[in-house]
Every structure is written in structure tokens, then in C-alpha cells.
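Just below is one structure, and these are the notes that go with it.
The values are calculated or read from the model by the stated rules, or taken from the named source; none is laboratory data. Model, not experiment: these values are computed from the prediction. Virtual Cβ from ideal backbone geometry, glycine too; neighbours counted across all protein chains shown. The area values use the complete protein model at the heavy-atom level, side chains included, leaving out ligands, DNA and RNA. Shrake-Rupley method; radii C 1.70, N 1.55, O 1.52, S 1.80 Å.
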Amino acid sequence: MGPLLVIFVGLALFAFIAGDAWRLFQSHTIDQNVGSINGEKLSAVEFQKMYEEYTNAVKFARNTNTLTEDDMNQIKDEVWSTYINEQVLKAEAEKLGLTVTAAELQNIVNTGASPLLAQTPFRNEQGVYDKDILNNFLTQYDNNKDNAEFLEMYKPIYDYWKYIEKSIMLNALMSKYQSLVQNSFIGN
């Protein structure tokens, strides 16, 4: 009777531990969602990627490597709010057939028509955005993608540029949408 009791207790302990281990393993393999907008789910991994992208942009813009706890919480809120606005805008723009083409983006960049361009490091001696400095940087970046030393130094600038470029596209789409809505309310 004693050996059977020991075997029974041993199996029960093994089942208990194995069950916890299984749940732990399962929680890491399932892509958990942090929310959904218009039926589109946002996974924790995607949210973390957007959070890191925005955090890096803020650090670059502020020329710092550290942020306070309040800054980090504010960034999380801004990332979520931006995601919601972006999803709603994209859904409405898609219904209306509104898009921002690569040519329109290039026109904005070439003319300096977005105030976001003034926040980039691509400025001349007078502190004014200069498209030629941007184009030279992008050409150099493309030509040196295999140079680890170059990438270590210039990847943060490139990542910041990609963030600004994405923001310009979103702002241009928002501007088109707002213009369409405003013009629809003009009476005769």
C-alpha cells in the first residue's frame, strides 16, 4: 500500500507541475492581442514594435538616451491613440478611394510642404530643411548598407527619417480626407 501511495502522489505532483509548465509554454506561443479596431486585432508584438519605433523617434528628437517613467507612459498612450486614429482614417479613406501616392509624397518632400520636415536633421546652415541634404543622406545610406560601422552611426537617423516619412504620409491622407469633408458642407 505504501509504494502505491508514493507512486500515486508522485504522479499527482508530476501532473500538477506538467500542467503549469504547459500553461506557461502556451502563454508564450499564443500571440496575445492588446486590442482591436474595426475588427482588426493588434497583437502585443505589433504594439511593442510601434512603441519602440516611437520611443526611438522621441529619443532622437530630444537627443537623449533615457526617458522618464511618465514619458514612457505618455508614449504608450500616444502610440495607442495614433493607432486608433490611423485605423479609422485608413478605413474611411479606403471607402472613399483616397490614397497618398509615392509621387505625392515625393512632391511634399521636395517642396518642404510638411512642417514635420523642419524637425529632421536635414537642414542647411540657416537651419532650413534642405531636400538635397536628405537625398544625399539617403543615397549614402543605400550605398553603405553593408558597412557595419556606417550603419551603427547612421541607422538611428535613417529610422527617424522613416518615422517622419510615415507621419507625412498619414498627415497628407488626413489632409485629403478633411478637405473632402469640409468641401462637402459648402452650401450653395
Å² of accessible area per residue within region 69-161, as computed with a 1.4 Å probe and no ligands counted: 66 Å²
Just to be sure I understand the curve: with the Debye formula and one point per C-alpha of region 84-188, what is log10 I(q)/I(0) at q = 0.11, 0.16 Å⁻¹? -0.45, -0.81
For LYS155, counting only aspartates and glutamates whose alpha-carbon sits under 20 Å away and dropping same-chain residues fewer than eight positions off, the answer is GLU52, GLU53, ASP130, ASP132, ASP142, ASP146, GLU165
Over 18 Å between alpha carbons, listed pairs LYS59/LYS162; LYS145/LYS166; LYS49/LYS76; LYS49/LYS145: LYS145/LYS166; LYS49/LYS145
Taking all pairs of different Cα atoms in region 31-80, averaging 1/r and flipping that mean, what Kirkwood radius in angstroms comes out? 11.7 Å
Tally Lys/Arg at +1 and Asp/Glu at -1 over every other residue whose Cβ is under 15 Å from the Cβ of GLU152; what's the total? -1
Could you check the simple spin-label distance between GLN140 and MET174, using points 7 Å along Cα→Cβ, in nm with one decimal? 3.2 nm
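For region 38-123, state the semi-axes of the equivalent ellipsoid (square roots of 5 times the eigenvalues of the alpha-carbon gyration tensor), sorted largest first and rounded to whole angstrom.
25, 23, 9
Evaluate 2.2 N^0.38 Å with N set to the residue count of region 134-188, then give the Cα radius of gyration divided by it.
1.84
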Counting only protein heavy atoms and using a 1.4 Å probe, what share of the accessible area of region 107-147 belongs to carbon plus sulfur, as a whole percent? 42 percent
Give the Rg/Rh ratio for region 110-167, taking Rg as the radius of gyration of the Cα atoms and Rh as the Kirkwood radius, to two decimals. 0.98
